[in-house]
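Step one of this worksheet: look at the structure below.
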Amino acid sequence: MLVLPLIGFSNETPTSMNEGIFSKDQAKSGKRLYKKHCQSCHEGSYFKPVLLAWRGESLSSLFKLITAAMPENDPGALEQDQYTDILAHILYISGYARGENKLDPATLSDITIDKPVAK
Ligand code: HEC
């Protein structure tokens, strides 16, 4: 039997992007914020290919980039919660399923970016 050392490792199984990692309310809130802070530069269709290009990376890396560099004309201007809601909206319009639980920024490093599964 193989005994894995758990100390210092997360024993959480990696979460898939397709498990419903954000909630409906969160995506709704994100839609409003997105209109206000992102839409002037990005069409909604911008993000699907971006997410595909980021496949295999952790969702926290993309989130860090967004929080540090966007909106490009005022980087880092929003609250962490606002960025999180915007990320939920971006995932929703890019074809990922909504779920019951809110996306929590603390768990993003356990999530690997993958393709949306067609329903
Ligand atoms: C003033 C214009 C502007 C605004 C507002 C803006 N962005 Fe951007 N964004 C850019 C530019 C320019 C780039 C880099 C060029 C490109 O890849 O199209 C970019 C790139 C990105 C990328 C791709 C990063 C990558 O390297 O793959 C993401 C994701 C992104 N923006 C998210 C957002 C989000 C979320 C918001 C709102 C909080 C936002 N942007 C607001 C101009 C803007």
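The C-beta contact set for the range 7-35 (first residue more than 12 Å from residue 92 (Cα to Cα) and in a helix (DSSP H, G or I), second residue away from the ligand (no atom under 14 Å from the Cβ) and modelled with pLDDT of 95 or more, distance under 9 angstrom, 6+ apart or interchain) is empty. Residue count for the range 24-45 under the criterion of being more than 12 Å from the ligand (Cβ to nearest atom) and aliphatic (A, V, I, L, M): the result is 1.
Against the test of being modelled with pLDDT under 95 and closer than 21 Å to residue 116 by Cα, the options 84, 15 yield a single qualifying residue, 15. Inspect all residues belonging to the range 46-67 and state whether any of them is near the ligand (Cβ under 9 Å from one of its atoms), modelled with pLDDT of 95 or more and in a loop (DSSP other than H, G, I, E, B). Yes, that holds for at least one residue. Looking only at the range 68-94, residues that are in contact with a helix residue (DSSP H, G or I) (Cβ under 7 Å, 6 or more places away or on another chain), surrounded by 15 or more Cβ atoms within 10 Å (Cβ to Cβ) and in a loop (DSSP other than H, G, I, E, B) come to 3 in all.
Out of everything in the range 87-108 that is polar (S, T, N, Q) and touching a Phe, Trp or Tyr at 6+ places or on another chain (Cβ under 9 Å), what residue ends up being modelled with the highest pLDDT?
First, the residues of the range 87-108 that are polar (S, T, N, Q): 94, 101, 107.
From the residues that got through so far, the ones that are touching a Phe, Trp or Tyr at 6+ places or on another chain (Cβ under 9 Å) too are 94, 101.
Numbers: 94: 97, 101: 93.
Top of the filtered list is 94.
Only a single item in (1) away from the ligand (no atom under 13 Å from the Cβ); (2) in contact (Cβ under 8 Å) with a residue 60 or more places away in the chain is not met by residue 105, and it is number (2).
The values are calculated or read from the model by the stated rules, or taken from the named source; none is laboratory data. These figures come from a predicted structure and were not determined experimentally. Glycine also receives a Cβ, built like all others from the backbone with ideal geometry; neighbour counts cover every protein chain displayed.
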